[in-house]
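Report on one structure; see the data block that follows.
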Amino acid sequence: MKAMVLKVISNVAENPEPLEMMDLPVPTPGDGELQIRVSACGVCHTELDEIEGRTPPPTLPVIPGHQVVGRVESLGAGAAGFDIGDRVGVPWIYSACGTCGFCLAGLENLCPDFRAAGRDVNGGYAEFMVVPASFAHSIPEIFTDSEAAPLLCAGAIGYRSLALSGLENGHNLGLTGFGASAHLVLKMVRHKFPDSKVYVFARAERERRFALELGAVWAGDTIERSPEKLHSIIDTTPVWKPVVEALVNLAPGGRLVINAIRKEETDKSTLTDLSYTDHLWMEKEIKSVANVARSDVSGFLELAAEIPVKPEVEEFKLEETNRALVELKKGQIRGAKVLRIEAD
Ligand SMILES: [Zn+2]
Ligand SMILES: [Zn+2]
């Protein structure tokens with residue numbers, strides 16, 4: 001099968017071809033696993049974090065890709081819940097132990113044995129992959145394969161971020177950074193919390209315009225002050241300055257949720273601007289969101305089908321993966337980037 005493989009960690013700005021197209025054996029499903037013929041796989045910022053070493057794969061080479069849609073090609077012994085030909089999705093959560101305290105408490109995203117698709121095991125930048133059947137998801141019929149792919153990551157993590165933000169109907173929400181996940185959060189909020197006002201902070205003028213088109217009441221630069229204080233803010237930027245600036249806009253008792261797998265080191269010195277009085281006093285909270293649980297994925301897919309949320313997508317061929325990654329790095333994201341994969 002054809003696959004795009006990560007062999008060495010490198011900086012995409014210096015190495016525009018971080019992945020190598022290879023011809024590899026088709027993986028066979030083990031006990032309890034599904035073999036999937038991949039049809040679409042989203043391209044995510046987290047793959048840049050893997051490639052550039054901010055969340056490096058534990059072993060190389062590895063096939064990235066954690067927003068995978070395809071059809072069940074074959075079943076391993078004891079794999080239950082799906083039949084050959086069923087359409088399934090594979091998100092970031094590839095497996096967790098199922099027996100630790102976190103797993104038993106419904107926090108499998110925090111499991112010490114959490115494994116991520118496309119980082120800790122081979123993912124969907126390939127014609128085939130395998131996955132434990134119990135970690136695969138049915139895809140609602142309303143979505144095409146390409147539409148479903150970005151929902152599996154950006155949607156699921158946005159869903160978890162919104163839940164962790166503690167937002168209630170009528171509360172003001174801020175979104176700092178306006179990429180794929182934030183778009184979906186805005187759409188979710190408009191549906192679930194119709195009386196809440198959403199304020200968007202983004203550096204690019206086109207992102208701010210897009211936010212207003214999608215129903216934000218206000219959009220400004222990341223360093224601006226929102227006209228009203230915010231009960232919750234979700235940060236999806238890769239850097240620190242928007243975090244520091246956002247804390248000023250937070251209402252007393254408000255919570256900032258950081259939805260970023262890693263922060264870049266480039267502007268870390270901004271943290272010395274932190275003033276206890278302006279940024280933290282009055283019971284302001286900061287919380288990160290780590291990974292996703294299966295319930296975030298299934299919960300979001302159900303909600304997305306109900307609203308409905310249809311992401312704008314930009315399709316690439318498997319052999320164009322490197323170009324998609326370079327464009328993502330440059331920040332060209334009005335639509336989500338999706339690889340369309342057709343096995344011979
Ligand atoms: Zn992702
Ligand atoms: Zn566990």
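Listing for the model above:
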| read-out | value |
| --- | --- |
| Calculated FRET efficiency for the pair ALA204/GLU265, C-beta based, R₀ 35 Å, to 0.05 | 0.95 |
| Evaluated at q = 0.10, 0.16 Å⁻¹: base-10 log I(q)/I(0), Debye formula over Cα of region 96-248 | -0.45, -0.99 |
| Inter-label distance, nm, simple model (7 Å from Cα along the C-beta direction), LEU280/LEU104 | 3.5 nm |
| Per-residue Cβ neighbour rank within 10 angstrom, fewest leading, ASP145, ASP235 | ASP145, ASP235 |
| Alpha-carbon Rg/Rh ratio, for region 185-258, with Rh computed the Kirkwood way | 0.93 |
| Fewest-first sequence of SER161, SER138 by Cβ atoms within 10 Å of each Cβ | SER138, SER161 |
| For LYS287, residues with placed amide H under 5 Å, excluding near neighbours | LEU256, VAL257, ILE258 |
| Once the Cα gyration tensor of region 239-302 is diagonalised, semi-axes √(5λ) in Å | 26, 17, 8 |
| Gained length - ASP273 relative to SER138, 0.36 nm times residue gap less alpha-carbon distance | 43.9 nm |
| Solvent-free Debye scattering, log10 I(q)/I(0), computed from the Cα coordinates of region 212-344 at q = 0.11, 0.19 Å⁻¹ | -0.57, -1.31 |
| Value of [θ]222 nm, deg cm²/dmol, for the chain, DSSP H segments ≥ 4, -39500 (n - 2.57) each, nearest 500 | -6500 deg cm²/dmol |
| Inter-probe distance in nm under a simple model that places probes 7 Å from Cα toward Cβ, at HIS191 and SER10 | 4.1 nm |
| Inter-label distance for ASP83 and LYS287, nm, one decimal - labels placed 7 Å from Cα along Cα-to-Cβ | 4.2 nm |
| For region 281-323, diffusion coefficient by Stokes-Einstein and Kirkwood Rh (Cα), 25 °C, 0.890 mPa s, µm²/s | 170 µm²/s |
| Cross-link pairs beyond the 20 Å C-alpha cut-off, checked among LYS192/LYS241; LYS310/LYS337; LYS229/LYS263; LYS263/LYS337; LYS197/LYS229 | LYS192/LYS241; LYS229/LYS263; LYS263/LYS337 |
| Kirkwood Rh in Å, taken over the chain so that all alpha-carbon pairs contribute | 20.4 Å |
| Residue order, fewest to most beta carbons within 10 Å, for LEU104, LEU214 | LEU104, LEU214 |
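Here, each number is a calculation from the coordinates, and none is a lab measurement. What you are looking at is a predicted structure, and each value in this text was computed from that prediction instead of being measured. Glycine also receives a Cβ, built like all others from the backbone with ideal geometry; neighbour counts cover every protein chain displayed.
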